[in-house]
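Visitor: Please see the structure below; I have some questions.
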Amino acid sequence: MTTSPALGQRDASWMAARRAEAASKVPALSMPSTREEIWRYLDLDFDPRLDAFAEAPGPAMAADAIVTGWKGEVISIVDGFATDASLPLVTETSEDELLTKETDLFVAAYMAFSPGAVVLSGDRLATPVLIDVQSTGSNTTFPGVHIDVPAGSDASVVVRMRSASDEGSVVVPRLTSVVGDNARLNLSVVQDWNYATRSFARAIVTLGRDAGLTLAEAGIGGLLSRLHLDVDFVGNGSYAKIYGAYFGEDDQTLDYRYFMNHIGTNTRCDMFLKGAVEDDALSVFTGLIRIEETGQKTESFQTNRNLILSSGASAQSVPNLEILANDVKCGHGSSVGPLDENQRYYLMSRGLTPDRADQLQVRGFFEQVVSHIPDDVVADWVRARIIAKYVTAQREGRV
Amino acid sequence: MTNALEVHDLRASIGDLQILKGFDLVVPFGEVHAIMGPNGSGKSTFSHVLMGKSDYEASGSAKVAGVEVMGLSVDERARAGLFQAFQYPTEIPGVTLDELTHEMALSNPDDTGFDQRIAETSERLSMDPFRTRSINLGLSGGEKKRSEMYLLGVADPRVAILDEIDSGLDIDAVRQVAAMVEDLRDPQIGVVIITHYSRILRYINADKVHVMVAGRIVESGGPEVADTLEAGGYADYQIAAASAS
Ligand SMILES: Nc1ncnc2c1ncn2[C@@H]1O[C@H](COP(=O)(O)OP(=O)(O)OP(=O)(O)O)[C@@H](O)[C@H]1O
Ligand SMILES: [Mg+2]
């Protein structure tokens, strides 16, 4: 294994300049306000320690079932640094395209302190890639991945995120992708931070003409884990299927802000997120389907279903529509509620104890999204993690 | 001798609404009984109260193979040998029939016959395409009933209550279900069919037909009772029940 050089050493001049500029802005920026809709419901009363950024990677975490079960290439990003120094990093052009619309504290900090996003493109996407993103210490880290799917090709990428330190860390991950004309990206994101980590992930996917995205996200870990996603349906005929499964316990907050921006004509999106919360956990889903004037013949749907498994837990589910075109089909559904009594009764009438009946119901609830994770090892791992959380809570009388 | 099912003075209400008002029924092992009665007379409520559904305030006695089940939880009643085929089987998204039968086997570790019954009943009812689908989800009315019959075959209970198992079935399916019920007839089991149609009783030799009106059994007799009902409806019974209460 090669070790990456310390932050800044490999910087191209454009990167150094931008880094310096962003770093100069950071001190003046304050924590976002929860009065802003996009930060609503969160507890941001903590010190993000953004200048305590990692200057070098810590010792990598051991391989686990996902890594050992993976048949293709594995790329590790430890504390923001790619452990394989030969991997290309982001270039000025690819980065500029994806500079975000907002400049908040976390975006500025990412610009200032990230060692640079790993770029996956061309041949490297010929076979499925697993990206193992690790936060190993208590430093604040800024891992980045950029996936450039060439026109007409298929790519399959799993990004999993995990952390090691009990002292607590802040991670600001950034995931960007440009899916070329008539190309397809199959992306799974498995968020498995430990319960001391706070993560503020930003993801932006831009779809070309007839380009397709399938995204399956599983949110399991994190004290506070946020994923702010934009999918820009720029190309005519582009389409996406977006699945999400999240399970919060203890004091976890799982926060999803999904924005579907339909710009081209004839674009299509199906979004389906399912979550459960127990103990004092909170989940937030705010989704926006935005259809520009140019987005005629858009078909876009979002559904978010939530199970509340204990009385102290809560789920916010806020789907929104913003439609500027007149010839579109869209809709949204959202629900928050307990386990279904009739299902429990039916399963018990077949001889299952109430605990087993509820386990089956919880498993079934998530199956409709977990079954869309393309890699079987990853899907089974997510299934097992979710049910283990629930069964432990049952055993300890927390649900 | 122990009977398959002995129900005595079963009463059930929801809030102020009394639904079962002293329901009595005895089904000996090896017999198949039919219960007929107008809509809303409480037939499904009887089935649910016997199964232990928590919506109802219930009292009375119900013995399954000699075991008092009132006071037991729903799953304990199932494991005591009670099976209910639901009039409206519940959909369980994301859970397959195979997963359910697997769990049923795990719930009854002493019963080693599950694998064989799964194979046999599945073959008999051509269940293969349904076993890997979500339970009851998107099934037609008749397919749901078939799925319930499949689970009955897999469960191998001591008492089976089949609530309108013949509703929504095409002619061939009614015959198939009837044949399966006749095959079930065994000194180890007692069967109760709740039905609106004497049609299924043409293929099943019901040992007794009971008429249920306004929360209780008002008449019991042989198969001829079904023919009388077919000709005259429930009007006479309903008038009698109204003047009695
Ligand atoms: N959970 C419930 N809540 C409120 N009312 C109920 C409930 N269950 C049953 N009832 C009422 O009790 C009465 C009996 O209902 P039940 O379903 O037992 O009738 P049934 O004889 O099975 O009718 P059908 O032939 O239409 O299936 C009806 O008036 C019904 O509305
Ligand atoms: Mg009924």
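The values are calculated or read from the model by the stated rules, or taken from the named source; none is laboratory data. What you see is a predicted model, and the numbers here were worked out from it, not measured in a lab. Glycine also receives a Cβ, built like all others from the backbone with ideal geometry; neighbour counts cover every protein chain displayed. What goes into the accessible areas is simple: the full protein's heavy atoms, side chains included, and nothing from ligands, DNA or RNA. Shrake-Rupley method; radii C 1.70, N 1.55, O 1.52, S 1.80 Å.
Visitor: How much solvent-accessible surface does A:Met271 expose, in Å² to the nearest 10, with a 1.4 Å probe and all protein chains in place?
Guide: That residue has around 10 Å² of solvent-accessible surface.
Visitor: Something else about it: Rounded to the nearest 5, what % of DSSP beta bridges with both residues in region A:19-156 are antiparallel?
Guide: 20
Visitor: Enumerate the whole-percent occupancy of each 5 Å bin, from 0 to the last occupied one, for all C-alpha pair distances of region B:17-142.
Guide: 2, 8, 15, 18, 20, 17, 13, 6, 1
Visitor: Separate question: Can you tell me the dipole magnitude for region B:84-177 around its Cα centre, using point charges on the Cβ only (Lys, Arg +1; Asp, Glu -1), in Debye to the nearest 20?
Guide: 140
Visitor: For region B:5-244, give the magnitude of the charge dipole about the Cα centre (Cβ charges: +1 Lys/Arg, -1 Asp/Glu; no others), in debye to the nearest 20.
Guide: 320
Visitor: Between A:Asp166 and A:Val391, what FRET efficiency comes out of the Förster formula 1/(1 + (r/R0)^6) with R0 = 22 Å and r the beta carbon distance, rounded to 0.05?
Guide: For A:Val391 and A:Asp166, the calculated efficiency is 0.40.
Visitor: Out of the DSSP beta bridges found with both residues in region B:5-244, what percent are antiparallel (nearest 5)?
Guide: Counting only bridges with both partners in region B:5-244, antiparallel ones make up about 60 percent.
Visitor: Percent of accessible area on region B:5-244 owned by carbon and sulfur, 1.4 Å probe?
Guide: Carbon-and-sulfur percentage of accessible area, whole number: 48.
Visitor: Separate question: Relative to the Cα centre, what is the charge dipole magnitude of chain A, using +1 at the beta carbon of each Lys and Arg, -1 at the beta carbon of each Asp and Glu, and rounding to the nearest 20 debye?
Guide: For this selection, approximately 640 debye.
Visitor: If the label point is 7 Å along Cα→Cβ of B:Asp9, which residues in region B:33-58 have backbone nitrogen under 17 Å from it?
Guide: Only B:58 pass the distance filter.
Visitor: Still on this structure: So the label point goes 7 Å from the Cα of A:Glu73 along Cα→C-beta, right? Which residues of region A:143-163 then have their backbone N under 20 Å from it?
Guide: Within reach of a label on A:Glu73: A:143-161.
Visitor: For region A:241-399, which semi-axes, largest first and in whole Å, follow from the square roots of 5 times the eigenvalues of its Cα gyration tensor?
Guide: Listed largest to smallest, the semi-axes of region A:241-399 are 33, 16, 14 Å.
Visitor: Now for a different question. Counting just the Cα atoms, what span does region A:13-339 cover along each of its three principal axes? Round to the nearest Å and put the largest first.
Guide: Principal extents (Cα only, largest first): 53, 50, 45 Å.
Visitor: Are there any GluC sites (Glu not before Pro) in region A:255-297 that are in a DSSP loop and have at most 13 other Cβ atoms within 10 Å? List them by number.
Guide: A:Glu293
Visitor: Which whole-number value in Å³ per residue fits the convex hull of the alpha carbons of region A:252-332?
Guide: Spelled out: Cα convex hull of region A:252-332, divided by residues, is 62 Å³.
Visitor: Rank A:Thr68, A:Thr197 by accessible area, highest first, at a 1.4 Å probe radius?
Guide: Result, largest first: A:Thr68, A:Thr197.
Visitor: A:Leu273: net charge of surrounding residues, Cβ under 13 Å, Lys/Arg +1, Asp/Glu -1, itself excluded?
Guide: +1
Visitor: If you keep only loop residues by DSSP, which GluC sites (Glu not before Pro) in region A:317-399 have at most 14 other Cβ atoms within 10 Å of their Cβ?
Guide: A:Glu396
Visitor: Could you work out, for the protein assembly as shown, what percent of all Cα-Cα pairs fall into each 20 Å distance bin, beginning at 0 Å and stopping at the bin that holds the largest distance?
Guide: 17, 40, 26, 14, 2
Visitor: Dipole of region A:13-339 (Lys/Arg Cβ +1, Asp/Glu Cβ -1, origin at the Cα centre): which of A:His332, A:Pro128, A:Met111 lies farthest to the positive side?
Guide: Positive-most Cα among the choices belongs to A:His332.
Visitor: Once the other residues with Cβ under 15 Å from the Cβ of B:Pro187 are scored (Lys, Arg +1; Asp, Glu -1), what is the net sum?
Guide: Combined, the nearby Lys, Arg, Asp and Glu give -4.
Visitor: I've got another one for you. Let me know the whole percent of all Cα-Cα pairs from region A:308-365 that are separated by more than 13 Å.
Guide: Roughly 71 percent, once rounded to a whole number.
Visitor: Please name which of A:Met31, A:Asn306, A:Tyr346 has its Cα lying farthest along the dipole of chain A towards the positive end, using unit charges on Cβ (Lys, Arg +1; Asp, Glu -1) and the Cα centre as origin.
Guide: The residue sitting farthest along the positive end of the dipole is A:Tyr346.
Visitor: Per the Kirkwood treatment, what hydrodynamic radius in Å, one decimal, follows for chain B from the mean inverse distance over all distinct Cα pairs?
Guide: For chain B, the Kirkwood estimate is 18.4 Å.
Visitor: Still on this structure, please answer the following. Which of B:Asn205, B:Asn136, B:Asn108 moves most in a GNM of chain B, Cα contacts under 10 Å?
Guide: In the Gaussian network model the winner is B:Asn108.
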